[in-house]
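Written out below as structure tokens is the structure these notes cover.
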Amino acid sequence: MAMQVKFHNVAADYKLGPIRQSFVLQSVNLAISSGTFSAVIGPTGSGKSSLLKVLNGLLVPKQGQAHIGDQVIEKENDKHVYKEVRKRVGMVFQFPESQLFAETVLQDICFGPINFGVPFEEAKKLASDVIEQVGLEQDILTKSPFSLSGGQKRRVAIAGILAMNPDILVLDEPGAGLDPKGKAEIMSLILNWHRKKEMTTLLVTHDMEDVAHYADEVIVMENGSVVMHEEVRDFFSDDQRLEKWSLELPNARRFQLKVEQDTGVKLPNICLTKNELVEALIKVGLA
Amino acid sequence: MNKLILGRYFPGDSWLHRLDPRSKLIAGVAFIFIIFLADSLQAFALLWVFTLFVMRLSGVGFRTYVRGVRPLIWLILFATLMQMLFRTGGATFVDWGPITISEYGIINGFYVFCRFVLIIFFSTVVTLTTKPIDLTDGIGSLLRPLRKLKVPVDELALMLSISLRFIPNLMDETQRIMDAQRARGTQFGEGSLIQQMKTLVPIFLPLFASSLNRAEDMANAMEVRGYQSGTKRSTFRQLSWKRIDTASLFIMVVLAGVLLVVRTI
């Protein structure tokens, strides 16, 4: 099952004791259709993380409403709204390994599902299912999460979220701090899961390669509001606009522009990945 | 967590903010002793006037101080009630076996209440007007004579300043982990006491783990930068004892003197 996300004029701020950070989000309007993979980009402090928090009811909007499926989050909500929303929205925070706490990996993965009312036996089955999905061996389930390596911990933490079987998956830089290979593996497992479960996925990232490889849509945030929401190919077509936001082009697209400039031959489509570029080059007879 | 006022610094530029941390610390500790000299209503009235005057000097609103007392109010009321209910002497108003409400009980309960509140107010003045880092410098400097007794004073001061330094980080971290566990369906502040205590495990364990990691990183970072314990080091921030500091300590002495005089009458 998949779900739609809609933001209607959402504004929010943080309050910490006497210090108030005014409007980290201001009049955010956003409609994400179900089953899409969207990348959220923007400079630090542009409100990306806050946007994700609203989605999960961790940050309550001061104005406006966030619709998640048939649930509505607004200024004042019933408690069961949060429970329902959190059950449906799986949230992978930055450095999710810092949330591991249980004695064994199995218990940690089961923590989420059990909180949402899944019986233990079933949760165990979910855990052994999901641990393979994230590319780990079954015997890791009995180990302590604190004894694992950094990359393994990250996978276990993500497995703990996937085991909740969310309809919407929200990820805040899941690859941060990992080596390129580990990062690519994590991203591809997320993409596989996204396709298999027909989830709606939101990914916060700074890496344009991630955007080019995985996303269908791009959401650009600046100073707490959404300044653009577009198809990924349209987004990368206008390189002048990207320059204005000081965003980089993905490597394949940059190479394509260079080739077009040097040979004067225009490629038939906008290439975002290496494979697309190779195909396009063969098509026009340059390779 | 954000309600805790005692131990927090409020930036400002009052006369009290400019005092040397050492004089404030000495005055703060001295006040606790001085308060026990008071044994009459007049003496407490004087202490109240003095404390309220000092609080006014700090330039921080009275409300902030009241908020500082609030977390401890049950402890204070408990101590006050104990005095009221079990102390005997003077005219007795109520007598239920061991529980008596007597004249002395009421007066003593009032004294205990005043002592608690005054001590909290006064120490709040010290912490509200002194930067934590100055406070630790001051403590380090005051403890220096103990070096002669082989007490590792500098290390203690360093430990204190490091732990103060990491309080904001710890608060951030707690918030982040709470958010993460809430996203996994934990509901804080619900259910029975045991259930509520159980929800703390997923917060404290990761918090301990990350604190230990951070401590190790910190120790390594200090070591590669050549930190060695037991060596003499100069300080970046210099404390300077001014005439006003001597004057403020003199005021404390006068206060103690007046209370002694009132006491003997």
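The values are calculated or read from the model by the stated rules, or taken from the named source; none is laboratory data. Because the structure is a prediction, the values reported are computed rather than measured. Here the Cβ is made from the backbone with ideal geometry for all residues, glycine too, and neighbour counts use every protein chain on show. These accessible areas exclude ligands, DNA and RNA; they are computed on the full protein's heavy atoms, side chains included. Shrake-Rupley method; radii C 1.70, N 1.55, O 1.52, S 1.80 Å.
Could you list all residues from segment B:103-119 that are buried (at least 19 other Cβ atoms within 10 Å of the Cβ) and under 10 Å from B:Phe31 (Cβ atoms)?
Once the filter is applied, which keeps residues that are buried (at least 19 other Cβ atoms within 10 Å of the Cβ) and under 10 Å from B:Phe31 (Cβ atoms), segment B:103-119 yields only B:Leu118.
Restricting attention to segment B:40-55, report how many residues are surrounded by 14 or more Cβ atoms within 10 Å (Cβ to Cβ) and not small (Gly, Ala, Ser).
The number of residues fulfilling the criteria is 9.
Working only within segment B:56-104, note down all residues that are in a helix (DSSP H, G or I), over 30 Å from B:Thr124 (Cα atoms) and of a type outside the set (Phe, Trp, Tyr).
Once the filter is applied, which keeps residues that are in a helix (DSSP H, G or I), over 30 Å from B:Thr124 (Cα atoms) and of a type outside the set (Phe, Trp, Tyr), segment B:56-104 yields only B:Glu103.
Taking the residues in segment A:131-150 that are assigned to a helix (DSSP H, G or I) and closer than 20 Å to A:Gly175 by Cα as candidates, determine which candidate is most open to solvent (accessible area, probe 1.4 Å).
A:Glu132
Criterion first (touching a helix residue (DSSP H, G or I) at 6+ places or on another chain (Cβ under 7 Å), on the phi < 0 side of the Ramachandran plot, polar (S, T, N, Q) and modelled with pLDDT of 90 or more) does A:Thr201 satisfy it?
Here the answer is yes, as A:Thr201 does meet what is asked.
Report whether or not B:Gln83 is open to solvent by 60 Å² or more (accessible area, probe 1.4 Å) and either more than 19 Å from B:Leu249 (Cα to Cα) or not assigned by TED's automatic domain parsing to the domain that holds B:Thr246 (or both).
no
Considering only segment A:230-287, state which residues are over 16 Å from A:Ala212 (Cβ atoms), assigned to a loop (DSSP other than H, G, I, E, B) and of a type outside the set (D, E, K, R).
Residues satisfying the conditions are A:Ser246, A:Gly264, A:Val265, A:Pro268, A:Gly285, A:Leu286, A:Ala287.
Can you name the residue in segment B:178-224 that is over 17 Å from A:Gln107 (Cβ atoms), within 12 Å of chain A (Cβ to nearest Cβ) and in contact (Cβ under 8 Å) with a residue 24 or more places away in the chain and, of all such residues, is most open to solvent (accessible area, probe 1.4 Å)?
B:Arg214
Of the numbered conditions (1) open to solvent by 60 Å² or more (accessible area, probe 1.4 Å); (2) within 20 Å of A:Ser98 (Cβ to Cβ); (3) more than 11 Å from chain A (Cβ to nearest Cβ); (4) of a type outside the set (A, V, I, L, M), B:Ser229 satisfies every one except a single condition; which is it?
The one condition B:Ser229 does not meet is (2).
State which residue is nearest to B:Phe208 (Cα to Cα) when the search covers only segment B:145-177 and only residues that are within 14 Å of chain A (Cβ to nearest Cβ) and among the hydrophobic types (A, V, I, L, M, F, W, C).
Filtering first and then ranking leaves B:Leu170.
Identify, please: which residue in segment B:120-166 is β-branched (Val, Ile, Thr), in a helix (DSSP H, G or I) and open to solvent by less than 40 Å² (accessible area, probe 1.4 Å) and is, among those, farthest from B:Pro11 (Cα to Cα)?
B:Val153
Can you find a residue that is within 20 Å of A:Val204 (Cβ to Cβ), touching a strand residue (DSSP E or B) at 6+ places or on another chain (Cβ under 9 Å) and within 9 Å of chain B (Cβ to nearest Cβ) anywhere in segment A:36-52?
no
Which one is nearest to the other protein chains (Cβ to nearest Cβ), of the residues in segment A:97-108 that are open to solvent by less than 10 Å² (accessible area, probe 1.4 Å) and in a helix (DSSP H, G or I)?
Per the stated criteria, the residue is A:Gln99.
How many residues does segment A:109-139 contain that are within 9 Å of another protein chain (Cβ to nearest Cβ) and either among the hydrophobic types (A, V, I, L, M, F, W, C) or touching a helix residue (DSSP H, G or I) at 6+ places or on another chain (Cβ under 8 Å) (or both)?
5
So, in segment A:78-96, how many residues would count as being open to solvent by 30 Å² or more (accessible area, probe 1.4 Å), assigned to a helix (DSSP H, G or I) and facing chain B (nearest Cβ under 9 Å)?
Adding up the residues that qualify gives 4.
The rows are residues; the columns are (1) at pLDDT 90 or above; (2) farther than 23 Å from B:Leu207 by Cα; (3) among the aliphatic types (A, V, I, L, M).
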| site | (1), (2), (3) |
| --- | --- |
| A:Glu74 | no, yes, no |
| A:Phe111 | yes, no, no |
| A:Phe120 | yes, yes, no |
| A:Leu126 | yes, yes, yes |
| A:Phe146 | yes, no, no |
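Being without any contact (Cβ under 8 Å) to a residue 24 or more places away in the chain, hydroxyl-bearing (Ser, Thr, Tyr) and either closer than 29 Å to A:Ser46 by Cβ or open to solvent by 80 Å² or more (accessible area, probe 1.4 Å) (or both) is the filter here, so list the residues in segment A:245-287 that pass it.
Within segment A:245-287, A:Ser246 is the sole residue that qualifies.
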